[in-house]
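The values are calculated or read from the model by the stated rules, or taken from the named source; none is laboratory data. The structure presented is a predicted model; accordingly, all values stated were derived computationally and were not measured. Here the Cβ is made from the backbone with ideal geometry for all residues, glycine too, and neighbour counts use every protein chain on show. Ligands, DNA and RNA are stripped out before the accessible areas are found, and what is left, the full protein with its side chains, is counted by its heavy atoms. Shrake-Rupley method; radii C 1.70, N 1.55, O 1.52, S 1.80 Å.
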Amino acid sequence: MPVINASTSGPGGIQMGGDASGNLQLQSAGNTIATISSTGVNLSAAGLVFNDSTTQTSGSGAAKAWASFDGTGSIANLTAYNVSSVTRNSTGDYTINFTNALASANYSIIGMAGNSNQAQATNVSVKYGTGQQNGTTSPSLKSTTQCEIVLGIGNSTTYYDSYGISVAVFR
């Protein structure tokens, strides 16, 4: 593989090289830290590293997990990061399973969902107790490995499926 040395002062220099497959590798101290190909960028295990030295896994600046899916009937068109699967428990009630456990269950979930009734907005909420408005203060399922969300309209305790659900988890 042809190599371009950005720094030759010592064993920790940065190297960049490519091969016949069209992949480009970025190495530091002999370790591949990124591979760029026609399908995207593959970073090392640390993932993104921010200027305060935190990573996508440890830092608070990036989503720890996200998913976008069709929740009507069987889960379809799942596009996700750090989400292994989504289970439809019942109408408008979904469990999101994380591929890699989060550092703690102290995280925020934001979401949105499409609604075929244009006059009302669909709320995406963490499910509390047995119903959305029953006054309990503890989530029914919010752990380091999964969380449960429900979709409702206004103050209704009735849940609704949606053709377009998007959620993101931040910690």
ask   = Quick one: how many residues across the stretch 160-169 are part of a strand (DSSP E or B) and surrounded by 20 or more Cβ atoms within 10 Å (Cβ to Cβ)?
value = 3
ask   = Among the listed residues Ala168, Ala101, which satisfies the condition of being over 21 Å from Asp70 (Cβ atoms), modelled with pLDDT of 90 or more and not hydroxyl-bearing (Ser, Thr, Tyr)?
value = Ala101
remark   = Ser68 fails exactly one of (1) open to solvent by less than 40 Å² (accessible area, probe 1.4 Å); (2) at pLDDT 75 or above, namely (1)
message = Where the second residue is at pLDDT below 65 and not in a strand (DSSP E or B) and the first is surrounded by 15 or more Cβ atoms within 10 Å (Cβ to Cβ) and lies in the stretch 24-51, which pairs have Cβ atoms under 6 Å and are six or more apart or on separate chains?
response = Ile33/Ser44
request  = Return only the number of the condition from (1) surrounded by 14 or more Cβ atoms within 10 Å (Cβ to Cβ); (2) modelled with pLDDT of 90 or more that Thr122 does not satisfy.
outcome  = (2)
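For the stretch 140-158, which positions are assigned to a strand (DSSP E or B) and either under 12 Å from Arg88 (Cα atoms) or at pLDDT 85 or above (or both)? First the steps, then the outcome.
Taking the stretch 140-158 as the starting set, the residues that turn out to be assigned to a strand (DSSP E or B) are 142, 146-153.
The answer is Lys142, Gln146, Cys147, Glu148, Ile149, Val150, Leu151.
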